Structure formats: C-alpha cells, structure tokens
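Visitor: One structure, as structure tokens, below. Some questions next.
The values are calculated or read from the model by the stated rules, or taken from the named source; none is laboratory data. Here the structure is a predicted model, which is why all the values come from computation and not from measurement. Cβ atoms come from the backbone with ideal geometry, glycine included; neighbour counts cover every protein chain shown. Accessible surface areas use protein heavy atoms only, side chains included; no ligands, DNA or RNA. Shrake-Rupley method; radii C 1.70, N 1.55, O 1.52, S 1.80 Å.
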Amino acid sequence: MAGNGVFAEIIDGDAFKYYSEGEWKKSASGKSVSIINPTTRKTQYKVQACTQEEVNKVMETAKVAQKLWAKTPLWKRAELLHKAAAILKEHKASIAECLVKEIAKPAKDAVTEVVRSGDLVSYCAEEGVRILGQGTYLVSDSFPGNERTKYCLSSKIPLGVVLAIPPFNYPVNLAVSKLAPALIAGNSIVLKPPTQGAVAALHMVHCFHLAGFPKGLISCVTGKGSEIGDFLTMHPGVNCISFTGGDTGIAISKKAGMIPLQMELGGKDACIVLEDADLDLVAANIIKGGFSYSGQRCTAVKVVLVMESVADDLVEKVKAKVAKLKVGPPEEDSDITPVVSESSANFIEGLILDAKQKGATFCQEYKREGNLIWPLFLDHVRPDMRIAWEEPFGPVLPVIRITSIEEGIHHCNASNFGLQGCVFTKDINKALLISDAMETGTVQINSAPARGPDHFPFQGIKDSGIGSQGITNSINMMVKVKSTVINLPSPSYTMG
C-alpha cells in the first residue's frame, strides 16, 4: 500500500514529504495540498506545500550535485539507472495503487505504466552510453581556403539543472521520460509533479533514492502552482525545462528566457477515414484511440473526419463497440473511469451541451454522475461547434462528415494544435501524400495516434509543443556541444 513498507519514510502522519538533499522532509510552511480521489471525490492523500525558500535550497544543492555527477563515468550513471528501473518494477503494485486512487487510472493500465517506465529507464541507460560515448573529429582543410592547421574535437556535455514537469495522466512514465535522459546525460533534476499524481511520482522518486543516486542530484518539490509554479520556471538556477501539459506550457515558454525548452502541450488529433478504409479496423482504433483512459491522453483521437459515403457504416460500427465499453471505478478495470476532476468534467459537459444546442446527433444518451461521464459519440458535428476544435480530454468524440480529402486536410491544418493525426486507407500512395500534407508532428497510417514505443521520436508543432521527445531525442535535448580546437603552425613544404 501507498506509504508502507520501503515507502514508510516518505510519509509523516497523513502528508507525504518532499525530497531534497537525499532526504524526505516536511515543509517549513506547515501546510499541505490535498489530492482528491476522482472516484470518491474525497481527499485521498496530502502532500507538502513547499515554500520559495525551499525551492531556492533545492536549486542550490542541485547545482552543486550536478558538477560532481558530470564527472561520474557513463557506465556508472547507467548502472544506477538500471538499478532504479529494477526497483521501480519490483514495487509496481504500490505505485499502481496510487495511480488508481489519484487519477482513476484503470488498475491494469496503472501497472502497465509502471512497468513501461522501468523499461524506459533501462533503455535510456543503454542508449545514453552509446550516444554520449561518441564525439566528432574535424579537420580545417575540408573547408575552402584553409590549410590543415586546426583539429576540432567535439563532445556532448550536460546542460546543468533540468526542471521536469510531467502531467497528471502519466505522472510516472512522463516523469521518468524526463529524469532518465537528464541523468544519463550528466544533469541534475528538479521534479515538480502534478498535484493529481504527485504521490505516485513521490513513490517513483523513492525508487531512485533506493538505487543510491548521489544526494542533491534528484529533488522533488510539491505545492501549489500559484505559489511556486512561476518561481520554479523562472528560477535563474534552471538550465532546461521539460514540460508536458496544456496551455500552461505556452505561458512558461514566454517567461523562461534563453534556456532550452522541451514542451508537449496537447493536441486535437484528427482521424481521416477514406472510402476504401477497412471500417472494422477503423472502428476498433477509434475505440482504442478515442476512449482509452476516458480520452485523457494527448494522443487520443479527438475528431473523426470521415468521407460521407462510408460515414453511416462507420458510425454504426463504432456505436456497437461503444455500447460494450465498461463504465465504472478504476479498481474494476473499467474502460471508462471518472475524469480527473470536477472542473474537467464541467468543461467536457460544456462542450457537449454546446454541440447539443447547435444540432449534433447524439449516438448515445448523455449521462454523468459526479466526475464519471459515459462515453459519447457525436455525429454530424459542424465546424461552428466548440467540440470541433477544442480538446475535451474526456470520453466524447465528434464526427465530421467530409466530401473530399482536401476538406479533411484543411480541417486538420486549421487547428492551432499539431501533435499527431492518423489516416485510414488501403492506398499507401494516398496515405503518404496525406501524411505529408498534415501539419502534425506524427502521422499514423492505419492505426490510432500513440506515443511510443518510447524510443520513437515524439513531437508537436504549432501550439502542441517545442522540441522533440523519445529517448534518443530527449538525451540530445539535454546536452550541448563542447568543442576543443587544436591549432598548429602553418605547414612548410619542401619540393623533393
């Protein structure tokens, strides 16, 4: 159970501690932040409300620890990451329990997230040794007008202190996807977990603590965004920010200054369905892509753009599958569980009511109990409806009927988002042409959008993000190039 066994030291009374200087501590504020269980809508956990002074202390120790860590051999960094990965997977049940209670993630999916996270950490350790163990060697006479008098040796060195801010929906996996690349690259990490998901993240951090990482190298601060959010992101001690979330990331990017940013900010992922598509395959992927974890995924299918000639058939197939989805609490491995908060449920409801008022066809009756919203498939959605453009982050999916490929591409590209998209067709030539035309970071052909496998590149454009993720890209995002140039005297030639 959460806070028991090897995790007993991370809790004091009814509040979980924060992590600094290799120790679990209570905040001097004497205050805590409550975490509401989305299913019961009652307080499940409490975490420390850290102060700005405590953030300053964390930054100071992170800077000192990073200097020493950068001198640690790559093989040793990798060894500790492998150890942390094993501990993480060993305690998957305790961490998964937190995910079930904090964010209403179905129990089976919660365990999968923890195991996947351990695999990511191990893969990152191996990939980091390969990438960072290489440098480049250049000679000057390959550029016109130069003699061979300069030799350039370049390598990749750490950035310094990385601030990692993961989202509520994957508070473990999207935390380690930032921690592991930063650590193998020689950086220190300051983690600010989301409020919903903070306890799962604290358990994950304790696994790294048990692995034996140096004191001060990894820190985890909890608290209210209104008190320490801007203070963290604008802190002069931060050398890189890796953020996954929503509109907050846009505000962060405007305030952060001249430091590297790795941002993934959500999407309105379009699913374009052509006349020749396998509709059974499409329907299965719409269910998986649109309704898994109640649609609370940045890569969820958010709008279906289907050719009018096959729309009726597709809608009937999806309706039949929606009717089979299990709705209920996450402990029972339900397909549709409560969304993360009452405010999220209210926002989703606002989109649904707007669509109803403007004439969308409801393929199911709208039903809500607290934070639990039954899955809803909306047909005959028009561009003047909010649901056509806004990201619901819930179990509601709009269908827009189109009469041409160009119409589908136009709707996709008119969005301010550009994370992922997908196209279903048996014509690979059309698929590739549509992929080229879609303004998104990734296009899936004949499958729903997805992040992963975790070593695949993952990026968005427009309001969906800055930079690229995926293990290799994340490692390269968290280093900079350092060059050393050896200068020799000009050569003197003698004719023999």
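Visitor: Which residues, taken from segment 273-309, are farther than 12 Å from F377 by Cα, part of a helix (DSSP H, G or I) and open to solvent by 20 Å² or more (accessible area, probe 1.4 Å)?
Guide: Within segment 273-309, L279, D280, L281, A284, K288, S292, E308, S309 meet the criteria.
Visitor: Check off (1) loosely packed, with under 14 Cβ neighbours inside 10 Å; (2) in contact with a Gly (Cβ under 8 Å, 6 or more places away or on another chain) for A62 and give me the number that stays unchecked.
Guide: Failed condition: (1).
Visitor: Considering only residues that are closer than 16 Å to Y123 by Cβ and open to solvent by 20 Å² or more (accessible area, probe 1.4 Å), which ones fall in segment 464-476?
Guide: Listed by number, the residues that qualify are T472, N473, N476.
Visitor: Something else: Look at segment 134-144 and say how many of its residues are part of a loop (DSSP other than H, G, I, E, B) and at pLDDT 95 or above.
Guide: 2
Visitor: Taking the residues in segment 41-55 that are among the hydrophobic types (A, V, I, L, M, F, W, C) and closer than 17 Å to A201 by Cα as candidates, determine which candidate is nearest to the chain's Cα centre (by Cα).
Guide: Among those residues, the one meeting the criterion is V47.
Visitor: For segment 108-115, state whether one or more residues are within 24 Å of the chain's Cα centre (by Cα), hydroxyl-bearing (S, T, Y) and part of a helix (DSSP H, G or I).
Guide: yes
Visitor: Then there's this: Would you say E54 is open to solvent by 30 Å² or more (accessible area, probe 1.4 Å) and among the charged types (D, E, K, R)?
Guide: No: the conditions fail for E54.
Visitor: Mind counting the residues in segment 132-142 that are open to solvent by less than 80 Å² (accessible area, probe 1.4 Å) and of a type in the set (A, V, I, L, M)?
Guide: Number of matching residues: 2.
Visitor: Hey, can you tell me all the residues within segment 168-221 that are open to solvent by 10 Å² or more (accessible area, probe 1.4 Å), in a loop (DSSP other than H, G, I, E, B) and over 23 Å from G257 (Cβ atoms)?
Guide: F168, Y170, P194, T195, Q196, G212, F213, P214, K215
Visitor: Does Y123 satisfy being among the hydroxyl-bearing types (S, T, Y), modelled with pLDDT of 95 or more, under 22 Å from the mean Cα position of the chain (by Cα) and open to solvent by 80 Å² or more (accessible area, probe 1.4 Å)?
Guide: Yes.
Visitor: If you don't mind, there's one more thing I want to ask. Check N346, N446, N413, N371 and return the single one that is under 22 Å from F168 (Cβ atoms) and surrounded by 15 or more Cβ atoms within 10 Å (Cβ to Cβ).
Guide: N371
Visitor: Report the residue count in segment 362-377 for those that are over 31 Å from the mean Cα position of the chain (by Cα) and over 20 Å from K324 (Cα atoms).
Guide: 0
Visitor: Could you list, in sequence order, the residues of segment 82-106 that are farther than 21 Å from A8 by Cα and under 20 Å from the mean Cα position of the chain (by Cα)?
Guide: Within segment 82-106, I103, A104, K105, P106 meet the criteria.
Visitor: Still on this structure, please answer the following. Considering segment 143-160 alone, what residues qualify as being of a type in the set (F, W, Y) and either in contact (Cβ under 8 Å) with a residue 40 or more places away in the chain or surrounded by 12 or more Cβ atoms within 10 Å (Cβ to Cβ) (or both)?
Guide: Looking only at segment 143-160, we keep the residues that are of a type in the set (F, W, Y), and these are 143, 151.
Passing the criteria: only Y151.
Visitor: In segment 310-338, which residue that is in contact (Cβ under 8 Å) with a residue 60 or more places away in the chain and farther than 19 Å from S292 by Cβ is surrounded by the fewest Cβ atoms within 10 Å (Cβ to Cβ)?
Guide: A311
Visitor: If we only count strands (runs of 3 or more DSSP E) wholly inside segment 380-496, which ones have 2 or more residues that are within 30 Å of N187 (Cβ to Cβ)?
Guide: Details: elements: 396-402, 420-424, 442-445, 479-487.
Passing ranges, in order: 479-487.
Visitor: Which of the residues belonging to segment 15-40 are among the hydrophobic types (A, V, I, L, M, F, W, C) and either assigned to a loop (DSSP other than H, G, I, E, B) or closer than 18 Å to C207 by Cβ (or both)?
Guide: Hits for segment 15-40 are F16, W24, A28.
Visitor: A further question follows. Restricted to segment 223-246, and to residues that are open to solvent by 40 Å² or more (accessible area, probe 1.4 Å) and in contact (Cβ under 8 Å) with a residue 60 or more places away in the chain, which residue is farthest from F393 (Cα to Cα)?
Guide: Kept after step one, since they are open to solvent by 40 Å² or more (accessible area, probe 1.4 Å), are these residues of segment 223-246: 224-227, 230-231, 234, 236, 239.
Keeping just the survivors that are in contact (Cβ under 8 Å) with a residue 60 or more places away in the chain gives 224, 227, 231, 239.
Details: K224: 22, E227: 26, F231: 28, N239: 31 Å.
Selected residue: N239.
Visitor: Being out of contact with any Asp or Glu (no Cβ under 8 Å at 6 or more places or on another chain) and open to solvent by less than 20 Å² (accessible area, probe 1.4 Å) is the filter here; which residues of segment 355-368 pass it?
Guide: A355
Visitor: Any residue that is open to solvent by less than 70 Å² (accessible area, probe 1.4 Å), within 24 Å of the chain's Cα centre (by Cα) and modelled with pLDDT under 95 - is there at least one of those in segment 16-24?
Guide: Looking for residues that are open to solvent by less than 70 Å² (accessible area, probe 1.4 Å), within 24 Å of the chain's Cα centre (by Cα) and modelled with pLDDT under 95, one finds none in segment 16-24, hence no.
Visitor: Still on this structure, I have one more. Under the condition of being open to solvent by 50 Å² or more (accessible area, probe 1.4 Å) and not in a helix (DSSP H, G or I), which residue from segment 66-107 is farthest from V33 (Cα to Cα)? Steps first, answer last, please.
Guide: Here is the first cut: in segment 66-107, the residues open to solvent by 50 Å² or more (accessible area, probe 1.4 Å) are 67-68, 71, 73, 75-76, 79, 82-83, 86, 89-90, 92-93, 101.
Then keep just the ones that are not in a helix (DSSP H, G or I); that gives 71, 73.
Values: K71: 37, P73: 39 Å.
Out of the qualifying residues, it is P73.
Visitor: For segment 242-260, give me each residue that is over 16 Å from L179 (Cβ atoms) and not in a loop (DSSP other than H, G, I, E, B).
Guide: Hits for segment 242-260 are T248, G249, I250, A251, I252, S253, K254, K255.
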